[in-house]
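The values are calculated or read from the model by the stated rules, or taken from the named source; none is laboratory data. Computed from a predicted structure; not experimentally measured. Reconstructed Cβ throughout: ideal geometry from the backbone, glycine too, with neighbour counts over all protein chains shown.
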Amino acid sequence: MSETSKDETGSGPDAPISLESALERLDAIVRDMETGDLPLETLIAKYEEGIGLSKVCREKLDRAEERIRIISRDASGNPVLEEFNTSGTE
């Protein structure tokens, strides 16, 4: 299972992974799984890795969303920071 260590950070399996690296790895996992050439045990291992990476991505996106501020202007034209509002947006 040395293929699961394709993280380009080179920092080991317990090191934090960037969102971009996690998405790239997820894409590679999907491509591998879609070939139909992998044994069942390998497919299961890749599925488990993908689920873990999906969770990491969701957590990173949730944290980023919490940090987003929208800059708007008040009645005087001065910039004002407002909390990001997720209701009604897609």
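Just to check your reading of the model, which residue among Thr42, Thr9, Thr4 is at pLDDT below 90 and not in a loop (DSSP other than H, G, I, E, B)? Step through it out loud before you land on a result.
Numbers: Thr42 fails: at pLDDT below 90; Thr9 fails: not in a loop (DSSP other than H, G, I, E, B).
After applying the criteria, what remains is Thr4.
Within segment 53-90, the set of residues being touching a helix residue (DSSP H, G or I) at 6+ places or on another chain (Cβ under 9 Å) and modelled with pLDDT of 75 or more comprises Leu53, Ser54, Val56, Cys57, Lys60, Leu61, Ala64.
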